[in-house]
Every structure is written in structure tokens, then in C-alpha cells.
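Trainee: Below you'll find the structure I mean.
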Amino acid sequence: MKPARVLVVEDEPAIAELLAVNLKHQGWLPVLAPDGEAAQRAMAEALPDLILLDWMLPGHSGLVWARRWRAEARTASIPILMLTARGDEVDKVAGLDAGADDYITKPFSPQELLARIRAVMRRRAPSAAADSVAVGELSLDGATHRVRWKGETLKLGPTEFKLLSYLMHHPERVHSRASLLDRVWGDQVFIEERTVDVHVKRLRESLGEAGAMIETVRGVGYRFAALG
């Protein structure tokens, strides 16, 4: 099996090299890019399995690049793990809103970084949502990783896809944030409950009209129900 290709977008050479060494020790293939433009060129040659994206980059910030890659069909489903020195909640939420699947605050230990990478990659795996399901005019195909609403294909990131799959397979139930963390994010112990709200918000936006099927149960969590 081919080693996982990890694109490291980091402008500090010492940090980039440290990341590369740790990735290689895990059997992964690191590809280094000092800025977003270099990352674009690297992805034109071969798409990575995951992007490690620094927030502060020369030229456009990591937030700008995350939004751009999420908006492009070719790169929309690539998991993004954002590296940031900003530890405030508002900054973490901004990174998630921009399209990141997870974030890690500098300084971080190699063990924590590798655990987050493994968790994000597991969430991307096709086995995470292999079954197809339909509720009303909304359908999800786990085999092709496609979501359709009234016959139109919608674009979802990997975490939003798995979140929607779980909700659609368990409709009409109220799911707490803690239970969604356990079922969708698995053993990723670093994720905070606030992250669930951010991904639900992104999922609703991606679903458009069908986003109304995800109901907020105040003080408890979320419920998925057919419209009408």
C-alpha cells in the first residue's frame, strides 16, 4: 500500500523539517511547501491525503488557502489540519470555519500531532460511512462519497460527510455533543464539544435548503428529521 502523502505548508524551515522527520518515522510521505503558492504547485502534481497548514504564511494566510481549497472540487475533500500559535477559542473557531477539520496549537508535542493526524485520516476513510441512506429527497452514497439533494450533488468536507452519515442513519433521535464526538470523531480526545457546533454549522451551510433537517434541541444537542 502506498504511504500516505502529507502536504506540509509551513514557512519556518526548522518546524517544517521537524514535522517531516516525524511523518517519515510513521511511514508517511511528507511534501514540504513554504507557502500556499508552492502548495498549489505540489497539488497540481499529486493530491495529498492530508494537508498540514500553518495559519501564518507569507502572502495569503492559511485561512485564505483553506477556504480556497474547500471551494475547489478537486481539493474539497482533502482533510486539513491547521497549525496555529493562536490559542483563543475565537481563533480556533475561525480556523474551523475556514474549512479546517481540526487544529493544533503551537507549541505541540509530536505525539499529539501524530494522534490528530491519525484521527483525521480515520474520519476520511471510506469505511467510516460505507452504507448508503436516503431521507426524503436527501441521499448519501457511502461508496462514492456523494450527497444529493433533489438530484443535485452537494459538496461536503470529509468530517461533514461522516457527521451527516451518522445523523441520517440515526434519525429522529436527539444526539448530545458528547455522543456525536464519540460516534463521529471516535477516540480523538483532543476535540472540544464546541467543535461539533462549528461542523454542524458548516454542514447546514453545505446542505442549503436541506440543512433545516438538522434541528437544534436547545440545551441538549441535535436531531435529524425529514422536512415537512
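Trainee: Filter the range 57-68 down to the residues that are touching a residue at least 40 places away in the same chain (Cβ under 8 Å) and not small (Gly, Ala, Ser) and list them by number.
Mentor: Initially, the range 57-68 is screened for residues touching a residue at least 40 places away in the same chain (Cβ under 8 Å), giving 57-58, 62, 65.
Those that are touching a residue at least 40 places away in the same chain (Cβ under 8 Å) and not small (Gly, Ala, Ser): Leu57, Pro58, Trp65.
Trainee: Of all the residues that make up the range 192-228, how many are surrounded by 12 or more Cβ atoms within 10 Å (Cβ to Cβ), outside any helix (DSSP H, G or I) and basic (Lys, Arg)?
Mentor: Matching residues across the range 192-228 total 1.
Trainee: Oh, and also: How about the range 75-118: which of its residues are within 15 Å of Ile15 (Cα to Cα) and either in a loop (DSSP other than H, G, I, E, B) or aromatic (Phe, Trp, Tyr) (or both)?
Mentor: Within the range 75-118, Ala85, Lys106, Pro107, Phe108, Ser109 meet the criteria.
Trainee: Please name all residue pairs, on different chains or six or more residues apart, with Cβ atoms under 6 Å, provided the first residue is in the range 161-176 and is in the same structural domain as Arg70 (by TED's automatic domain parsing) and modelled with pLDDT of 90 or more and the second residue is assigned to a helix (DSSP H, G or I) and surrounded by 15 or more Cβ atoms within 10 Å (Cβ to Cβ).
Mentor: The qualifying pairs do not exist here.
Trainee: When you scan the range 119-135, how many residues do you find that are surrounded by 13 or more Cβ atoms within 10 Å (Cβ to Cβ) and at pLDDT 85 or above?
Mentor: Of all residues in the range 119-135, those surrounded by 13 or more Cβ atoms within 10 Å (Cβ to Cβ) come to 119-124, 128-129, 132-133, 135.
Subset that is at pLDDT 85 or above: 132-133, 135.
Total meeting the criteria: 3.
Trainee: Separate question: Please state which of the following conditions Leu156 fails to meet, knowing it meets all the rest: (1) outside any helix (DSSP H, G or I); (2) assigned by TED's automatic domain parsing to the domain that holds Leu29; (3) aliphatic (A, V, I, L, M).
Mentor: Result: Leu156 passes all but (2).
Yes/no per residue for (1) aliphatic (A, V, I, L, M); (2) at positive phi; (3) part of a helix (DSSP H, G or I); (4) free of Cβ contacts under 8 Å to residues at least 24 places away in the same chain:
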position	(1), (2), (3), (4)
Leu19	yes, no, yes, no
Gln40	no, no, yes, yes
Leu47	yes, no, no, no
Ala73	yes, no, no, no
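Trainee: Considering each of Val135, Val184 in turn, give the residue that is within 20 Å of Leu50 (Cβ to Cβ) and in contact (Cβ under 8 Å) with a residue 60 or more places away in the chain. Before the answer, list the steps.
Mentor: Details: Val135 fails: within 20 Å of Leu50 (Cβ to Cβ).
Result: Val184 is the single residue among Val135, Val184 that is within 20 Å of Leu50 (Cβ to Cβ) and in contact (Cβ under 8 Å) with a residue 60 or more places away in the chain.
The values are calculated or read from the model by the stated rules, or taken from the named source; none is laboratory data. The model shown is predicted, which means the values in this text are computed figures rather than measured ones. Virtual Cβ from ideal backbone geometry, glycine too; neighbours counted across all protein chains shown.
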